[in-house]
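A short worksheet on the structure shown next.
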Amino acid sequence: GNSVTQMEGPVTLSEEAFLTINCTYTATGYPSLFWYVQYPGEGLQLLLKATKADDKGSNKGFEATYRKETTSFHLEKGSVQVSDSAVYFCALTGGFKTIFGAGTRLFVKA
Amino acid sequence: NAGVTQTPKFQVLKTGQSMTLQCAQDMNHEYMSWYRQDPGMGLRLIHYSVGAGITDQGEVPNGYNVSRSTTEDFPLRLLSAAPSQTSVYFCASSPDRGSNEKLFFGSGTQLSVL
């Protein structure tokens with residue numbers, strides 16, 4: 001079945017540092033890929049998505065590229081802010097099901 | 001603009017009790033789903049529905065029942081609560097069954113089973 005694996009956290013960075021959170025997937029067919037973000041006490045909200053190979057999703061300075069050859073969808077940001085502290089989830093949707101990774105908690109220090 | 005509304009926000013049950021977690025959306029979304037969130041395990045799909053009258057099992061359906069009598073509502077029933085069901089539960093909806101569509105999440109229900 002489909003699955004998503006993302007790097008374990010927590011990840012602790014200083015403000016303005018470069019961020020990478022790795023995500024790889026296993027899927028049949030051609031899934032869509034997503035990054036969701038969860039702030040404390042809230043539900044998940046979409047950060048970005050890509051629906052086919054080589055697509056790049058971007059939002060709020062975050063980017064991720066759908067790499068079919070390496071089955072990856074790594075999240076990057078060039079300069080993180082304290083307000084980016086949250087839990088980040090990689091996800092894929094195939095058929096009627098969206099499958100999530102375990103989540104990566106990010107702490108950004110001022 | 002309410003979006004996806006979950007009630008209650010917090011609940012404490014004793015082992016063996018039953019209860020229903022409510023989920024309602026006002027966006028006329030066809031697709032609705034329930035997830036549980038546990039530390040280190042991400043979100044796991046419990047049940048989902050692709051429209052009124054249609055439901056199916058996700059990854060972890062045991063111990064939970066659902067029904068979808070209207071487009072707006074998708075309640076999750078725990079028939080006999082167990083400590084293993086202590087978790088945070090999220091309801092999510094999407095405009096249709098298309099895999100390109102994002103999920104809209106409620107704010108969650110924190111459930112403790114003693």
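Considering every residue within region B:8-19, establish whether at least one is surrounded by 14 or more Cβ atoms within 10 Å (Cβ to Cβ), part of a loop (DSSP other than H, G, I, E, B) and in contact (Cβ under 8 Å) with a residue 40 or more places away in the chain.
There is at least one residue in region B:8-19 that is surrounded by 14 or more Cβ atoms within 10 Å (Cβ to Cβ), part of a loop (DSSP other than H, G, I, E, B) and in contact (Cβ under 8 Å) with a residue 40 or more places away in the chain.
Suppose we filter region B:40-61 for residues that are more than 9 Å from every other protein chain (Cβ to nearest Cβ) and outside any strand (DSSP E or B); how many remain?
4
Inspect all residues belonging to region A:69-79 and state whether any of them is more than 9 Å from chain B (Cβ to nearest Cβ), over 23 Å from B:N100 (Cα atoms) and among the hydroxyl-bearing types (S, T, Y).
yes
Among the residues of region A:63-97 satisfying the criterion of being without any contact (Cβ under 8 Å) to a residue 40 or more places away in the chain and more than 23 Å from B:Y31 (Cβ to Cβ), which is surrounded by the fewest Cβ atoms within 10 Å (Cβ to Cβ)?
A:E69
Can you find a residue in region B:96-106 that is assigned to a strand (DSSP E or B), within 14 Å of chain A (Cβ to nearest Cβ) and of a type in the set (S, T, N, Q)?
Scanning region B:96-106 turns up no residue that is assigned to a strand (DSSP E or B), within 14 Å of chain A (Cβ to nearest Cβ) and of a type in the set (S, T, N, Q).
Can you name the residue in region A:98-110 that is within 14 Å of chain B (Cβ to nearest Cβ) and among the β-branched types (V, I, T) and is also surrounded by the most Cβ atoms within 10 Å (Cβ to Cβ) among such residues?
If we take residues in region A:98-110 being within 14 Å of chain B (Cβ to nearest Cβ) and among the β-branched types (V, I, T), then A:T98 is surrounded by the most Cβ atoms within 10 Å (Cβ to Cβ).
Yes/no per residue for (1) closer than 16 Å to A:M7 by Cβ; (2) in a loop (DSSP other than H, G, I, E, B):
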site: A:P40; (1), (2): no, yes
site: A:A53; (1), (2): no, yes
site: A:S58; (1), (2): no, no
site: A:T70; (1), (2): yes, yes
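Please go through region A:7-41 and give me each residue that is within 12 Å of chain B (Cβ to nearest Cβ), of a type in the set (S, T, Y) and within 17 Å of A:F62 (Cα to Cα), ordered by number.
A:Y36, A:Y39
Could you please find all residues in region B:64-95 being free of Cβ contacts under 8 Å to residues at least 60 places away in the same chain, crowded, with 18+ Cβ neighbours inside 10 Å, in a strand (DSSP E or B) and not hydrophobic (A, V, I, L, M, F, W, C)?
Scanning region B:64-95 gives B:Y64, B:S87.
From (1) facing chain A (nearest Cβ under 9 Å); (2) buried (at least 19 other Cβ atoms within 10 Å of the Cβ); (3) part of a strand (DSSP E or B), pick out the condition that doesn't hold for B:M32.
(1)
Just so you know, all these numbers are worked out from the coordinates, no wet-lab data involved. From a predicted model like this one, the values you see are computed outputs, not experimental measurements. No Cβ is skipped: glycine too gets one built from the backbone with ideal geometry, and neighbour counts run over all protein chains shown.
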